[in-house]
Structures are given as C-alpha cells and as structure tokens.
Amino acid sequence: MRQPAKTPFAISVLICSHNPRGEYLTRVLEALHRQTFDKRKWELLLIDNASSRPLRELYDLSWHSSGRQLLVDKLGKTHALLRGIKEAQSEILLIVDDDNVLAPDYVESVFTVFEENFFLGVIGGVIEGEFEVEPPIWSLQYLQYLAIVDKGDRPLHALTPDMTFYLPPGAGMGIRKTVAEYYAEQIKADPIRQGLDPVGDKLSRAGDTDLALCAFDAGLARGYYPQLKLKHLIPKNRLEPEYMEHLIEGTEYSVSLLSLIKGLTVPQLPHFRDRIMTNLRLWLKNAHPLQSTMERAKERGRLQAHAYYLAAYPPLPKGREAAARE
C-alpha cells in the first residue's frame, strides 16, 4: 500500500445519493454548512448516482469553496463510492449518507481522532434515529438494521476480522484513503462484492462492512468514538413490516455472503433442522407474529447466501482438493 502523500485537503466528505428525499438531503447539507472545521481544510463531493432528476439542478454547493458535484450513471452505491474514492483529494475520507445530519463538530472530530491515533484505519460513532413516526414495539429489537448505533460512552478498538465485534456502518464512517483504495482495488474485478451494497431498490447492506474489514487487511484497527454523533433521518415507510422484512433478509444475505467470501464462515447446505429450530425458538419465546416474520427473514437471507456461495464456488472433489494443496 502506498505511503500517505501531501494533499490539498485534510479531509474529504463524500455523499452518495440516488433519488434522495428532498428535505432530508437539504438538512444534511445544512448540517455540513454549520461544521466548525475550517471549510478551507475540507472538500465536499456530492455524487449523484443516476437520480431521475440531476441533483445539480436541485442543490447548490456554492456556499462551499471546494464543493463539487459528480455524476455516476451506473446504478449502485458501490459505483458512486468508488468514484468518490478516486476523486477525493485528501488522506481521510468521511462517508455521509443522504439522510445523515452530522453534529456541528463531526468533521473536525473525525480529523482529530485520526491525527491522534495512527493505528486506526476506520472509525464510527453514535447514530441516533430521528423517526417520522414512533417505532412500533415489535420493531425495537431490529433497529440496528436501520444503522442505529450506541455502544456506550467509552471508545472501543479492535484489530480483528471478527464480524461480531463493532463494525462502523457507512453512515458517518471515517476511513483512511489508503484503506479505501485497497478496497477499491480488491473489488474492481469482483461483481459479487460490488453488489453487496444497495443497487436501486435492492436492500443489500454489506458493502460498508466489506469496506470496514479492509482496515484489518491493511494492518489497521477499527474504532468506535462516542464523540462522533449524527442523526439518521428515518421515514415512516422504513418501519413498515414489508420493508423491514426485505431489509433484514437482504442484510443477512449480503453479510453472510461476505463472511463466506472472506473465509470467516464454513459453507453448508440448508437442512430441514434449521427451520425446525427456528420455529421452536419462536414458539418458546411466544414471539409476536411480526417478530416471527423477521426471524424467518433472517433465516432465509442466511440460507440463500450459503446456497448462492456453494453454486458460485463449488467445492473441489477430494482428489483435486488434495492436488491443489500440493
């Protein structure tokens, strides 16, 4: 991996957006306008990912002397992010979704954390949900699928590929450009990994996880810093059972597939015992009918990932496997 070089900016803020909700993106940009960090030290890239109406017709970045709007015609958040990584002119990147309202000191805090902790490759913080309607009780245990995060008041660090430990979500993720470029190089010829993030209405959610795990590959740690605070604006449709079911299934599918690709999980064919055990757990818990629906969506996502992986990467016959090891 290349050594950091002198760059025009201390940090680059990347917003990848496809057909955003107008008032949400307006609030996102207003929050960036209010940042305490000197605007001469950071750049802003608004990346329009094939929106129906070009974002440059709707949003004016003239308030930022180093604000730019880019167009990526190929649909998919990953393609927009790869363009942002390529265009960024700094050694620290801050990824902001088009529904993330940053606290006024967020950009400055991301820069400070990286400056003071050379061992870090990727970081995140507290994400509070701002809901258009009150979340129903059945949904509370699934809010992590909407990138709601609070790991407490103390920083956390990890240098491990373990996906069960805290992994910064894409919302408000700070990452060194060396790590992001390593990720871009790894996935450029891999359509499966390119499809782990949302593509239009497809609800895959593992591209951010893939990106964060690349810090470990680069010999750098990941961290949680509670001083990094943002609000995630969540419209009412994202709490509807049908949306949550598809989101949970898509997330479990893409995260499970990533785990298989990285060799963190042993692939296995679906077995009828899996369904029996799921039904038994739900019966013993006397689960709400919608909780049962969500748990079955989790199971479907995981099983589909294993089935897809085994079809795409069939195991070698025993004789050929031994020969390959030799």
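The numbers here are math on the coordinates, done by the rules we state, and not lab data. Only a predicted model underlies this, so the values are computations on that prediction, with no experimental measurement involved. Cβ coordinates were reconstructed from backbone atoms using ideal geometry, including for glycine residues, and neighbour counts include every protein chain displayed.
Give me 39, 74, 6, 229 sorted ascending by neighbouring Cβ count inside 10 Å, so fewest comes first.
Ascending number of Cβ neighbours within 10 Å: 6, 74, 39, 229.
Mind listing the phi-derived Karplus ³J(HN,Hα) values for region 206-211, rounded to whole Hz, using 6.51, -1.76 and 1.60 with θ = phi - 60°, and x for any glycine or proline?
Here the 3J(HN,Hα) series is 9, x, 5, 5, 4, 4 Hz.
Once you've got the GNM for the chain with C-alpha springs shorter than 10 Å, pick whichever of 35, 141, 186 has the biggest mean-square fluctuation.
Maximum among the listed residues: 141.
On a 18 Å Cα-Cα criterion, which of the cross-link pairs 6/86; 188/262; 236/298 come out too long?
Working: 6/86 16 Å; 188/262 16 Å; 236/298 22 Å.
In this structure, 236/298 exceed 18 Å between Cα atoms.
Normalised by the number of residues in the chain, what is the relative contact order in percent for Cα pairs under 8 Å and 6+ residues apart?
Values: 562 pairs, mean separation 62.9, N = 326.
Relative CO of the chain lands at 19 percent.
So if I take the centroid of the Cα atoms in region 130-144 and the same for region 210-266, what is the distance between those two points in Å?
Result: 18 Å between the Cα centres.
Pick from 195, 129, 219: which residue has the top mean-square fluctuation in a GNM of the chain where Cα pairs under 10 Å get a spring?
Maximum fluctuation in the GNM of the chain, among the listed residues, is at 219.
How about region 153-262: which chymotrypsin sites (Phe, Trp or Tyr not before Pro) there are in a DSSP loop, with at most 14 other Cβ atoms within 10 Å of their Cβ?
Details: sites: 165, 166, 182, 183, 216, 224, 243, 253; in loops: 165, 166.
Here the chymotrypsin sites (Phe, Trp or Tyr not before Pro) that fit, given the DSSP loop and packing criteria, are 165.
Can you pull out the trypsin sites (Lys or Arg not before Pro) in region 141-204 that DSSP calls coil and that have at most 16 other Cβ atoms within 10 Å?
Counting only loop positions with at most 16 other Cβ atoms within 10 Å, the trypsin sites (Lys or Arg not before Pro) in region 141-204 are 151, 188.
From the helices alone, meaning DSSP H stretches of at least four residues, give me the mean residue ellipticity at 222 nm for the chain, per-run term -39500 (n - 2.57), in deg cm²/dmol to the nearest 500.
Mean residue ellipticity at 222 nm (helix-derived): -12500 deg cm²/dmol.
Helix 77-87 versus the longest principal axis of the chain: what is the Cα-based angle in degrees, 0 to 90, to the nearest 10?
40
Arranged by the count of other C-beta atoms within 10 angstrom, fewest first, what order do 190, 208 take?
190, 208
Hey, fewest Cβ within 10 Å first, where do 163, 244 land in order?
Going from sparsest to densest Cβ surroundings: 163, 244.
For the chain, set up a Gaussian network in which alpha carbons nearer than 10 Å are linked by springs, and say which option among 19, 100, 237 fluctuates the most.
Highest fluctuation among the options: 237.
Can you compute the charge dipole magnitude of region 11-234 about its Cα centre, using +1 on each Lys and Arg Cβ and -1 on each Asp and Glu Cβ, nothing else charged? Give it in debye, rounded to the nearest 20.
About 340 debye.
Percent of Cα-Cα pairs per 10 Å bin, from 0 to the last occupied bin, for the chain, please list those.
Percent of pairs per bin, in order: 5, 25, 34, 23, 10, 3, 0.
Which percentage, to the nearest 5, of the DSSP beta bridges contained in the chain is antiparallel?
Of the beta bridges lying entirely in the chain, close to 35 percent run antiparallel.
For region 60-133, treating each Cα as an identical point scatterer without solvent, what Debye log10 I(q)/I(0) comes out at q = 0.13, 0.21, 0.23, 0.26 1/Å?
Reported log10 I(q)/I(0), two decimals: -0.54, -1.27, -1.35, -1.39.
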